[in-house]
Structure formats: C-alpha cells, structure tokens
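Structure record follows, encoded as structure tokens.
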Amino acid sequence: GRKFINIDWETEGSMALGSAGGVKDEISLPLTFAPLAKDQLVFSLQISGLLGGHSGLEIHKNRANANVLIAKALAGNIPFRLISFVGGTAANAITPTAEMIFALAPDQVEPFKARLATMEQETRQQYPNEKELVITLKPLDTRPELAASVSDSAKAVKLILDIPYGVFALSKEFADIPETSNNIGMIKTENNTLHITTYQRSSKVDQLEKITAVIEAAAATAGATSVQRGFSPPWPPNPGSDLYKKTLAIYESLFKTPMRTEVIHAGLECGYMAEKYPGIEIISIGPTLEN
C-alpha cells in the first residue's frame, strides 16, 4: 500500500498533514561541593504561577520557562553557591515552577535583591501573558553543610542559558508553525551533579540534528556529558499528494464545508510510517476528543 490513513487525530472537520520529530537530551554537569562559610546566608528563590504548556503545542506562544528564569536571576556578577535546584516534571512540558536554594555572603544580599527586581521587570515586559508570575525570595533557617563552589555555580547557570530555549526557526511553508524548537523541561541536582533534560523538535531531520548539536556543544563547553534518548522521526507534509487532495474534495462534497488542514509541531506516530516507507501518502483524521 502507498496510501496510509491514520486515525489518531482529535479534531473533527480537520486533518493533520505533517508533524515534527523529536529527541531528548539528558545532560549531567558534575559540581564540586565544599563546606559553607559560617557567615553565609541561605535563601530559597522560587518562580511559580507560569502558564507552562506542551512544548509541541505552546512553545511558540511566548511562554516563560521557570528553569530559564531561575538561571537568569542568578546570572551576572553576584557570586553565589548553589545548594539545590529542582524544576519541571517532564521533558516535553514547559516548566511552570522551579526553585533554587543557594547561599550568599551578607554583603551580596542587597545587590542580589536589586538584581532580582530588575530581572522581574524585564520578565514581565518580555512575557506579557504571564500575568500570574510570582517570584519569591525567602531566607531559610536550615543550613546545609555543603554547597557548590562559586565557579561551579556560575558554570551551572551559564550552561542553562547557553542552551537555546523556545523557537529556533519558524516553518517556511506554513504560517505561525515552528520548524525547530527546544524545551528545557527538567532540572534537578542529585549526587553532586546538575541534571538537565531537554526536548528538541523539528519537522526536518537535518535541523533536528543541528539544534541537538548546539545543545551538546554547550554541554561539552561546560564540562558536562550528554546522552540522546527517544528519537522520533518527523512526518514531512506533502500537500501535493493525491490522497490529500481527494480527502479534501470528498469531505466537502459530504459535509458542504471545507476541511481544515493542520501541520503540528507535536509528534504523531505517522513519522515512523513516513520513515519506513519514503514517499508514502499519509493523512491523519479522527473524531473530536476531549478530556
């Protein structure tokens, strides 16, 4: 067979004609921990209230990522010592909440608060739809014995900011659809290591490889290791296919209204069929699916 009708689409009155492929990168950056000085103060910085969303469906909607915002807040000339970092629950989810616990010398507290106020103002301007954004800085009474060195702490936030977040390139064929993007989905510290999980997508294999190379180069520069997991192939759209044109004509003749066409930045299993059978004609249809 050279024509394939997939029934995993979820919107009556439309069909999918293409989807993105994706791959996950798991990055590990070793950190050197040492005892805290007695006068150093421990703080919790939490970003919360963000919209979040699915990195295949909302990555192009100018939504902030809490992992990235934490890194932006700590980047700069204020020396700090990272104690723990946790943010995100899935590689393909835009992170709505993240928290870093860190230590500052007493004379750096006020400069950091000023830096944080500036960063909050910049964030609200950059992401006007993030109306529920909350940035919380609070001192902690509990004092862990160890924290990462100042240099390793700076290296950690620089690595996060060196990894591209958001839309890398827009589709040249379809308006307002990302061609290539990356999400920084999960960050956590464990066993003296900063773990970062990204999920990059593209409708073109070469561009997926390109953004993956950028991410892995940033990891290598920081002295981190990176491992790729879970590659899924893209499904390139073919608006010239006979199957597609016939489907449009038959739907309109049956229901007296045009059928909509969608190309999505999320993944559909049609990509596996397209990879196995080059040139096969594919559409995806289905009833509306909710909740």
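The values are calculated or read from the model by the stated rules, or taken from the named source; none is laboratory data. These numbers were taken from a predicted model, which means no experiment stands behind them. Ideal geometry is used to build each Cβ from the backbone, glycine not excepted, and the neighbour counts take in all protein chains shown. All accessible areas refer to the heavy atoms of the entire protein, side chains included, with ligands and DNA or RNA removed. Shrake-Rupley method; radii C 1.70, N 1.55, O 1.52, S 1.80 Å.
Descriptive notes on the structure:
- Of all residues in the range 270-283, those satisfying the criterion of being open to solvent by 50 Å² or more (accessible area, probe 1.4 Å) and in a loop (DSSP other than H, G, I, E, B) are Y277, P278, G279.
- Flag if L116 is in contact with a Pro (Cβ under 9 Å, 6 or more places away or on another chain), in contact (Cβ under 8 Å) with a residue 60 or more places away in the chain and open to solvent by less than 30 Å² (accessible area, probe 1.4 Å): no
- Selection of the range 74-92 for residues being open to solvent by 30 Å² or more (accessible area, probe 1.4 Å) and assigned to a strand (DSSP E or B) yields S84, V86.
- Annotation note: Cβ proximity below 6 Å between a residue of the range 241-269 that is in a loop (DSSP other than H, G, I, E, B) and a residue that is surrounded by fewer than 18 Cβ atoms within 10 Å (Cβ to Cβ) (sequence gap 6+ or interchain) occurs for P258/E252; M259/L248; A266/L57.
- Residue match in the range 160-181 (condition: without any contact (Cβ under 8 Å) to a residue 12 or more places away in the chain and in a helix (DSSP H, G or I)): no
- The range 2-44 - residue that is within 30 Å of S153 (Cα to Cα) and of a type in the set (D, E) and, of those, most open to solvent (accessible area, probe 1.4 Å): D39
- Condition check for A213: part of a strand (DSSP E or B), within 22 Å of G271 (Cβ to Cβ) and without any contact (Cβ under 8 Å) to a residue 60 or more places away in the chain: no
- Residue that is most open to solvent (accessible area, probe 1.4 Å), among those in the range 218-240 that are in a loop (DSSP other than H, G, I, E, B) and farther than 28 Å from I177 by Cα: G223
- Test: G286 is of a type in the set (G, A, S) and surrounded by 12 or more Cβ atoms within 10 Å (Cβ to Cβ): yes
- Restricting attention to the range 45-73 and to residues that are open to solvent by 10 Å² or more (accessible area, probe 1.4 Å) and assigned to a strand (DSSP E or B), the residue that is farthest from L133 (Cα to Cα) turns out to be H54.
Rundown of residues vs (1) buried (at least 16 other Cβ atoms within 10 Å of the Cβ); (2) of a type in the set (D, E); (3) closer than 20 Å to H195 by Cα, yes/no style:
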residue: T95; (1), (2), (3): yes, no, yes
residue: E99; (1), (2), (3): yes, yes, yes
residue: E132; (1), (2), (3): no, yes, no
residue: I135; (1), (2), (3): yes, no, no
residue: P139; (1), (2), (3): no, no, no
